[in-house]
Structure formats: C-alpha cells, structure tokens
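Written below as structure tokens is the structure these notes are about.
The values are calculated or read from the model by the stated rules, or taken from the named source; none is laboratory data. Source: prediction; values computed, not measured. Neighbour counts run over all protein chains shown; Cβ positions are idealised from the backbone, glycine included. For the accessible areas, the whole protein counts, side chains as well, though only heavy atoms, and no ligand, DNA or RNA atoms are used. Shrake-Rupley method; radii C 1.70, N 1.55, O 1.52, S 1.80 Å.
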Amino acid sequence: LLQKEICLEDFEVLKVIGKGAFGKVVLAQKKDNLTYYAIKMLKKKQIVDSNMVEKTLAEKTILQKMQHPFLVGLEYAFQTDTKLYFVLEFMPGGELFTHLRREGRFNEARAKFYAVCIILGLGFLHDNSYVYRDLKMENVLLDKAGYAVITDFGFAKLLRQNEQTKTFCGTPDYVAPEILNNSGHDRMADWWSLGILIYEMIYGQTTFYSDNLQIMYSSIKT
C-alpha cells in the first residue's frame, strides 16, 4: 500500500512557541503516535518577496542531510499552495538564551558542557563542508536531557575546504571581523562566534557589546 503523504491534519497544533520574519513555529502533537514536534510554518510569498528562496531550500537540504545528536533534525517536510512546513524534533528545554537571561551567567563547568555540545555539532557541519554563520544564544536549544542542540540553518552555506565567501550575514554581537571587513570568510568565522558565546555564558553579555552598533563593530575589528 502507498503511504499517504503527511499534512497538517496529521497533527494537533497546541500553541505558538516562536515567531519570525517569514512565519512562526508551533508545538504540535502527531495524532497517530502522540509524539511532540516543533513545526516551522513559512509563508511562501514572504520568502519569494525577500529573495530567500535559495536560503530556504539550502536549510531544508541541510536539515534532511545532517543527522547528528547536537543538530536539530527534520522529521517531515510538506507544503500547501501558500506555506512550507518543516516538522522538527521538539526541544522541551527551550532556548539557551532564556536560561541565561533568567540566571544571569553560568558557572564554568556548565558553560563548558554546552560548549562541547556546540563544538561537536559545528564540527560535524564543517566536516560535511557547511559553514553555519549564525551561532548565537537564541539558536541553541536544550533537549529533554539538557544537552545543547543547534537549530536554524538559514544562513548555512556549502563551503568546501580552502574556499571563502563574502556574503554579510550573522548577528552583530557574534559576527567575526573578517565578515565586517568583507575580506572573505570561511568556517573560522563559526569558531569566532563560539568564542563570543562562551564568553557570554560566563560573563552574562557578549564580548564587545555596545548600544552603539558602530562602536561595537569598531571594537570587533580592532
């Protein structure tokens, strides 16, 4: 028998757990096995209007291909005339950002534990010729056992060893100087962002933080 294609009717949508520029993320439970998932719902028109089709397709490819304990996995993908749906593993621990804001800072042992998870996830991406380019607190989730897992691959790019790219992307606090200088960057930019994130876990704010974006960029460059 042919298995019927999966669709939104196969899930009970419970609540919105995140909102972004192109749609939202909802918590849903699959009706046949009662498993919880996070469903990323993306509006096709906004993706097309923002010239993000290539990036969205790249994200789907990475989610499908990259199976690793510290990378959020894609379970299903489907679409309607107006929307794309990515059904992802649900991470009940929420964003690392939320925990840090509540607690102020982490002790060194805890920061080291999360850092090791992230290093293994990034290393796996790099070994498979992808650069991630958007490491930040909000893109690290905690699974049910408390391990740190990387999510959101919208800025990831296939980049082979010894290749560079010049696209400006990332989040200001975490962006590497070579990205700001537009001198070409590679996977080393991810390790810079990891350094900023480790500092933030221990001290409670990013390394070069300033309310003035230009002052922060100047500090990063120097």
*region 192-220, residues that are part of a loop (DSSP other than H, G, I, E, B) and open to solvent by less than 10 Å² (accessible area, probe 1.4 Å)*: T206
*Which of the residues belonging to region 183-207 are more than 19 Å from N139 (Cβ to Cβ) and within 23 Å of the chain's Cα centre (by Cα)?*
G184, D186, Y203
*Any chance region 133-147 includes a residue that's under 14 Å from M188 (Cβ atoms) and touching a residue at least 24 places away in the same chain (Cβ under 8 Å)?*
yes
*Pairs, first over 13 Å from D127 (Cβ atoms) in region 60-83, second of a type in the set (S, T, N, Q), C-beta under 8 Å, six or more apart*: V72/T151; G73/Q67; L74/Q64; A77/Q64
*Among all residue pairs at least 6 apart or on different chains, which show Cβ distances below 6 Å where the first residue, located in region 32-56, is among the polar types (S, T, N, Q) and the second is part of a helix (DSSP H, G or I)?*
T56/I47
*Of all residues in region 68-98, which are open to solvent by 30 Å² or more (accessible area, probe 1.4 Å) and out of contact with any helix residue (DSSP H, G or I) (no Cβ under 9 Å at 6 or more places or on another chain)?*
E75, E89, F90, P92
*Filter region 131-162 down to residues that are part of a strand (DSSP E or B) and open to solvent by 20 Å² or more (accessible area, probe 1.4 Å), then give me how many there are.*
3
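Out of region 163-191, which residues are open to solvent by 80 Å² or more (accessible area, probe 1.4 Å) and free of Cβ contacts under 8 Å to residues at least 60 places away in the same chain? Even if it seems obvious, please write down each step before you answer.
In the first step, residues of region 163-191 are kept if they are open to solvent by 80 Å² or more (accessible area, probe 1.4 Å); the result is 163-164, 166, 168, 181-182, 188, 191.
Hits for region 163-191 are E163, Q164, K166, F168, N181, N182, M188.
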_Which of the numbered conditions does D81 fail, given that it passes all the others? Conditions: (1) at pLDDT below 90; (2) over 25 Å from L158 (Cα atoms); (3) of a type in the set (D, E, K, R)._
(1)
